[in-house]
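J.: A single structure is presented below for examination.
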Amino acid sequence: MSWLCLLPISGGIVYNLLTVFTTSLFLTRSLPKQDFQPGVSVLKPVRGLEKNLEANLRTIAQQNYPAYEVIYCVQDPQDTALPIVKKLQAEFGPEKIIVAVHQIEQGANGKVNNLLGGLKHAKYDILVISDSDTNLRPDYLATIVSPLGDCLVGCVTTPFKLTQAQTWYEGLELLSINADFMPSVLFAEVTGASKACLGPSIAIRRSTLTEIGGLESLADYLVEDFELGQRVWTGGLKMVLLPYVIDAGVNLDSWTNWWSHQLYWDQNTYLARPLPFLATIIIRAVPFAFLFTFCHWSEPWAWLILFITLATRYGTAAIVARELKDGETIRYLPLLPLRDCFGLVFWALSFSQRQVQWRGITYRLTKGGKMIPVSPIPKS
C-alpha cells in the first residue's frame, strides 16, 4: 500500500511547479484604468483590539479617491476598539468617518451581523467590504472599484497575504494562506477551474447585493464570502479577481484558535465543494513523502524522493513568495513541512466533525456551509 503514496507525491510536485507559472502569469495581468470613480461606502467591521488596529484602520481613511465614506461597524457599545474608531472620526471628520454601533443578531455569523448595522448608514450604491485587519495602499479604492464600470461585473475582489506573524502558530496560519491557499486561488483563476470571492476585500453594487438576497440571507453561513461569490457568478454576472495583492494581519490568541480555525475552514470547504476538496488528496506531497520514506527507510532512493519533494516544495513556495513580495513567508519556510502535515490531519478530520465553536456557542455545519445552533444562544 505504501506505493500508493507515489500518486500524491508526484501530483503534489507537478502542482507546486504549476503554481509558480500560474502565479507569475496572474500577476502580469494589467490593472483596469481608474476612470470609473463613483461615490463609495466602505464598510469596516470592527471587533476588539487587534494588532496594529489603529494603523490598519487609518489606511482606508487616507485613500486617493474623490468621494467616499468609511463606516466603522461595531456591535458592542463597550467594545475596546470603540475609542480608536472615535479618535479616527474626530481626526478625519464625521462627514467622512461614520461610527455605527448596532447590536444585530440576524444570524450566527458575527461579521455579517456587524455589517448589517453599518449598511444602514451607507449612502452610496457602490459598497466596499474591507476587513479591519487589512493594511491598504492609497490607490486601493480607485483600483477595486474600477471594474464595476462594466455593468456585467457583479463583484470585484483582491488576493491577500497575511503579515505580522509573531508566534509559531501564527506562522503556520500565515503559511496556510500565503503558501497554500493563495497559490491555489491563483491557479484556479488562471486555469478557469473555479472563481474566488475573498472576504477581506470585496467591491459590489448595493443593487447586486439586493438581487442575490442581501446580507441578511448570508447571516447563517460560516464563510459568507464564498456564498456571496457563488450567488454572483451563478446569477450570470462576472467575478473579477484583480492582480492587486493587499496585506492582512494575522491575529491569533493561542494555538487552539489556530487549530479551530484550520478545522472549520476545511469543514466548510468540504461541505461547500466536496469533490474538489476530496481531490486535494492527490497534491499533498509532503506528508505522503514522509510516510513513504518511513515505510522504506532503509532504501536510499526513498530518501531521495523525500529530498526531491521537500526541495520542490521549499523552492516553489519561495518563488511564489517572491512574486507576491512576501518576505514573511520566507521567514517561516522552515515550518512549511509541519504545516503541510497538519494540513492532511485537518483534511481527514473535516469528514468526521460537523460542529464548530463561534463566540462560545456550538453550531452544527450543514450541507452548503450553513450553521445551526446546537447549544442555546444567550439572549442579549
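The values are calculated or read from the model by the stated rules, or taken from the named source; none is laboratory data. Small disclaimer: the values here were computed from a predicted structure and weren't measured. Neighbour counts are summed over all protein chains in view; Cβ atoms, including those assigned to glycine, are modelled from backbone coordinates with ideal geometry. These area figures cover heavy atoms from the full protein model, side chains too; ligands, DNA and RNA do not enter into them. Shrake-Rupley method; radii C 1.70, N 1.55, O 1.52, S 1.80 Å.
J.: Please pull out the direction-averaged projected area of region 1-153, using the convex hull of its alpha-carbon atoms, in nm² to one decimal place. Write down the numbers at each step before the final one.
T.: Numbers: hull surface 54.7 nm².
Seen from a random direction, the Cα hull of region 1-153 projects 13.7 nm² on average.
J.: For region 122-183, report the accessible area per residue in Å² (1.4 Å probe, heavy atoms, rounded to an integer). Spell out each step's value before the answer.
T.: Details: 1670 Å² over 62 residues.
Heavy-atom accessible area per residue stands at 27 Å².
J.: Taking N as the number of residues in region 131-282, what is its alpha-carbon radius of gyration divided by 2.2 N^0.38 Å?
T.: On the way: Rg = 15.8 Å, N = 152, 2.2 N^0.38 = 14.8 Å.
Relative to the 2.2 N^0.38 Å estimate, region 131-282 comes out at 1.06.
J.: Here's something else I'd like to know. With a 1.4 Å probe and every protein chain left in place, tell me how much accessible area H261 has, in Å² to the nearest 10.
T.: Result for H261: roughly 40 Å² accessible.
J.: Please give the direction-averaged projected area of the C-alpha convex hull for the chain, in square nanometres with one decimal.
T.: The orientation-averaged projected area of the Cα hull of the chain comes to 18.6 nm².
J.: Something else about it: Using +1 at the Cβ of each Lys and Arg and -1 at the Cβ of each Asp and Glu in the chain, identify which of A165, I330, G192 lies farthest towards the dipole's positive end.
T.: Among A165, I330, G192, the one farthest towards the positive end of the dipole of the chain is G192.
J.: Compare the Cα positions of G107, V320, Y244 along the charge dipole of the chain (+1 at Cβ of Lys, Arg; -1 at Cβ of Asp, Glu; about the Cα centre) and return the one farthest towards the positive end.
T.: G107
J.: Normalised by the residues of region 1-113, what does the relative contact order come to in percent, with Cα pairs under 8 Å and at least six apart?
T.: The normalised contact order for region 1-113 reaches 23 percent.
J.: Mind checking the full-extension length gain between R206 and K51? Use 0.36 nm per residue of separation minus the Cα-Cα distance, one decimal, nm.
T.: So the extension gain works out to 52.7 nm.
J.: Is the shape of region 239-367 rounded, prolate or oblate, going by the alpha carbon gyration tensor and its root eigenvalues a ≥ b ≥ c, with a/c under 1.5 for rounded and a/b larger than b/c for prolate?
T.: Because a/c hits 1.5 or more and a/b fails to exceed b/c, region 239-367 counts as oblate.
J.: Pairs of alpha-carbon atoms within less than 8 angstrom and 6+ residues apart define the contacts here; what relative contact order does region 67-162 have, in percent?
T.: 23 percent
J.: At a 1.4 Å probe radius, carbon and sulfur cover how many percent of the accessible area of region 186-323?
T.: 63 percent
J.: Also, I was wondering about something else. Find how much the distance from L275 to A67 grows on full extension, using 0.36 nm per residue of separation minus their present alpha carbon separation; answer in nm with one decimal.
T.: Details: separation 208, 0.36 × 208 = 74.88 nm, distance 4.41 nm.
So the extension gain works out to 70.5 nm.
J.: Here's another thing I want to ask about it. Tell me, what is the per residue accessible area of region 1-91 in Å², probe radius 1.4 Å?
T.: Values: 4450 Å² over 91 residues.
Spelled out: the 1.4 Å probe surface of region 1-91, per residue, equals 49 Å².
J.: What number, in percent, do you get for the relative contact order of the chain if the mean sequence gap of Cα pairs under 8 Å and at least 6 apart is divided by its residue count? Please list the in-between numbers first.
T.: On the way: 670 pairs, mean separation 87.0, N = 380.
So the answer I get is 23 percent.
J.: Additional query: Nothing charged except the Cβ atoms of Lys and Arg (+1) and of Asp and Glu (-1): what's the magnitude of the dipole of region 11-145 about its Cα centre? Round to the nearest 20 debye.
T.: Value, rounded to 20: 160 debye.
J.: Then there is this: Please list E95, E105, E50, E189 from largest to smallest accessible area, probe radius 1.4 Å, with all protein chains kept in place.
T.: E95, E105, E50, E189
J.: Suppose the chain between T28 and S2 were pulled fully straight at 0.36 nm per residue; how much longer would it get relative to their current alpha carbon spacing?
T.: Gain on extension, T28 to S2, equals 5.3 nm.
J.: Along the Cα→Cβ direction, 7 angstrom out, place labels at E299 and R331. What is the inter-label distance in nm?
T.: 4.1 nm
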